[in-house]
Amino acid sequence: MRKQWLSNFLLAGTIRFLLMSSGYQRIITDRVEVSTALNSWKRVTEGIYLYNIGIDPYAGDLFHETPIGLYVFNFIQQYLPQWVLFSLFVFTDLLTALLLAFTAKEYATELVSKRKEEKSSNENTENYDTSIVSTTMMYVSAGYLFNPYVILNCVGHTTTVFTNLLYSIALVAMTKSSIFWSNLSISLLALQGLYPISLIVPTIIYIARSDSTNQKRNIIIFVTTFISTLTALFCICYYIMGSWSFISNTLGFILTVPDLRPNIGLYWYFFTEVFENFRWLFIASFQINVGLLYIVPLALRLRHDPMLLAFSYLAIAAIFKSYPCIGDVGFYVSLLPLWKHLFQYTRQGFIVGCFMLFCTVFAPTVWYQWIYARSANANFYFGVTLAFAIAQIFLLTDILFASVKHEFAIRHGINKDVSESTAKLLLE
């Protein structure tokens, strides 16, 4: 098992290094599916240059990282040579995969213990193989290490690599009910991207479940600490820049969507077509859809499975956020092996897989026809991004409905084995 783990990490690191050293690295970096206004390393480099010559990088419409990110990336560029910078991106990706494996271990262990309790109370409940812990860890880590979206995201030198690391820390801390690390990671994510603040909900559920005798006390401590941590981070940003100008070019930039360059999201095309009088109405509608609309309903429905709740929030943000990239998609897709036990209840896996594969291939093709050959227009590229978003929506709803069917089978003691063969449960 150790040899397999080591070989996976060595192979994944080698693939990333080879692509970074090849001529494809620059092509990947310039792809609109990989780099956006929020995560482009070129923009980071230019923002650092402006900062070092005494110009406020937030004065224009170029730099959109947080001042804390500006300080850290400035240190990296000044003191690390090029090959070490490559190594840093690769190491961060490998560390993220390792942390996701630890998340998988905690969640799979929780599932095994839960199934044992259900088995003792209901003899018809399906057996749950305890070896799923090690296999789930392997699948999740491999799903991240060899995910094409994640690999391209790393080779393209996007800051989403570091965002995914913070996400993995948040998930590990959440499963371990760690108040400090959960607060720190979610606060940094919320400061950078706003939408991850929804991860507070599943974290609170985990913290409340960890100590049933002091639930209210632990929740109050967590919320108070989170507000204090986020306030402290804003103060640190103000101390670095000497003003609050960064807010309009970080959180304000995400909310108002002023940059309408094409990406894999839905905002850029819609807001180039909408009448200016109705712009703020639709911006509010779009932001409410991604930021507020699903938080309470999903929390009520998935309160018994906070990890699936966190996965749902991550998927919704990756689909509907202002400036998505394939690195966001690759992160939550790599978590799918956590619900390997639900795959027997899914019905749209083949369709979703084909849709995502075709959209991944067609996007660069249609982009070339639109921008270079001029034999297509923006409608063609938006059609691909719209299909990609629909495929992700089908993926999320299929997993959620599979969870409902699985709960139904457990509650009513339905065993999927019929005459020593596997049967399917269909709810019409």
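The values are calculated or read from the model by the stated rules, or taken from the named source; none is laboratory data. What you are looking at is a predicted structure, and each value in this text was computed from that prediction instead of being measured. Every residue, glycine as well, gets a Cβ built from its backbone with ideal geometry; the counts of neighbours run over all protein chains shown. Side chains are part of the model used for accessible areas, which takes the heavy atoms of the whole protein and leaves out ligands, DNA and RNA. Shrake-Rupley method; radii C 1.70, N 1.55, O 1.52, S 1.80 Å.
Given a 1.4 Å probe and heavy atoms of the protein chains only, how would you sort Trp83, Trp181, largest accessible area at the top?
Trp83, Trp181
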(Q) Give me the 1.4 Å probe accessible area per residue for segment 28-76, excluding ligands and nucleic acids, in Å². (A) 41 Å²
Q: Just list whichever of Lys116/Lys405; Lys114/Lys216; Lys105/Lys321 have alpha carbons separated by over 26 Å in the model shown.
A: Lys105/Lys321
Q) Ignoring ligands, DNA and RNA, how do Cys154, Cys354, Cys235 rank by accessible area with a 1.4 Å probe, largest first? A) Cys235, Cys354, Cys154
Q. What residue among Leu357, Asn52, Phe271 has its Cα farthest toward the positive end of the dipole of the chain, where the charges are +1 on Lys, Arg and -1 on Asp, Glu, each on the Cβ?
A. Leu357
(Q) Could you report the accessible area of Asp211 in Å², rounded to 10, computed with a 1.4 Å probe on the protein chains as they sit in the structure? (A) 50 Å²
Q.
Under 10 Å, Cα contacts only: if you run a Gaussian network model on the chain, which one of Ile179, Ile205, Ile288 comes out with the highest mean-square fluctuation?
A. Ile288
Q. Which net charge results for the neighbourhood of Ala104, defined as the other residues with beta-carbon distances under 11 angstrom from its beta-carbon, given Lys and Arg at +1 and Asp and Glu at -1?
A. 0
Q. Taking only DSSP H segments of four or more residues, each worth -39500 (n - 2.57), what value at 222 nm results for the chain once the sum is divided by all its residues, to the nearest 500 deg cm²/dmol?
A. -23000 deg cm²/dmol
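Starting from 0.36 nm per residue, how many nanometres of slack lie between Leu357 and Tyr79 once their C-alpha separation is accounted for? Don't skip to the answer; put the middle values down first.
On the way: separation 278, 0.36 × 278 = 100.08 nm, distance 4.01 nm.
Stretched fully, the Leu357-Tyr79 segment lengthens by 96.1 nm.
With 33 Å as the cut-off, how large is the P(r) tail for the chain, expressed as percent of Cα-Cα pairs? Numbers along the way, then the final one.
On the way: 33001 of 91378 pairs.
Looking at the chain, the distances longer than 33 Å represent 36 percent of pairs.
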Q: Starting from the residue with the highest accessible area, list Phe271, Phe408 in decreasing order, probe 1.4 Å.
A: Phe408, Phe271
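What longest range of the chain stays clear of loop-exposed trypsin sites (Lys or Arg not before Pro) (DSSP non-H/G/I/E/B, at most 11 other C-beta within 10 angstrom)? The partial results should precede the final answer.
Numbers: sites that count: Arg374, Lys424.
Free of exposed loop sites, the longest segment is 1-373.
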(Q) Distance between the C-alpha centers of segment 288-337 and segment 202-259? Whole Å please. (A) 18 Å
(Q) Show me the chymotrypsin sites (Phe, Trp or Tyr not before Pro) within segment 310-366 that DSSP assigns to loop and that have at most 13 other Cβ atoms within 10 Å of their Cβ. (A) none
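Share of segment 36-178's accessible area from carbon and sulfur, percent, 1.4 Å?
63 percent
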Q) Helix 378-411 sits at what angle to the longest principal axis of the chain, using alpha carbons and giving 0 to 90 degrees rounded to 10? A) 30 degrees
Q: Compute the distance in nm between two label points, each set 7 Å from the Cα along the Cα-to-Cβ direction, one at Ala232 and one at Lys116.
A: 3.8 nm
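Solvent-accessible area per residue for segment 199-350 at a 1.4 Å probe radius, Å²? All intermediate terms of the calculation are to be shown ahead of the outcome.
Details: 7000 Å² over 152 residues.
I get 46 Å² per residue for segment 199-350.
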Q | Alpha-carbon centroid distance for the pair segment 131-145 / segment 1-46, whole angstrom | A | 21 Å
**Q.** Magnitude of the charge dipole, the chain, Cβ model with Lys/Arg +1 and Asp/Glu -1, debye to 20
**A.** 440 debye
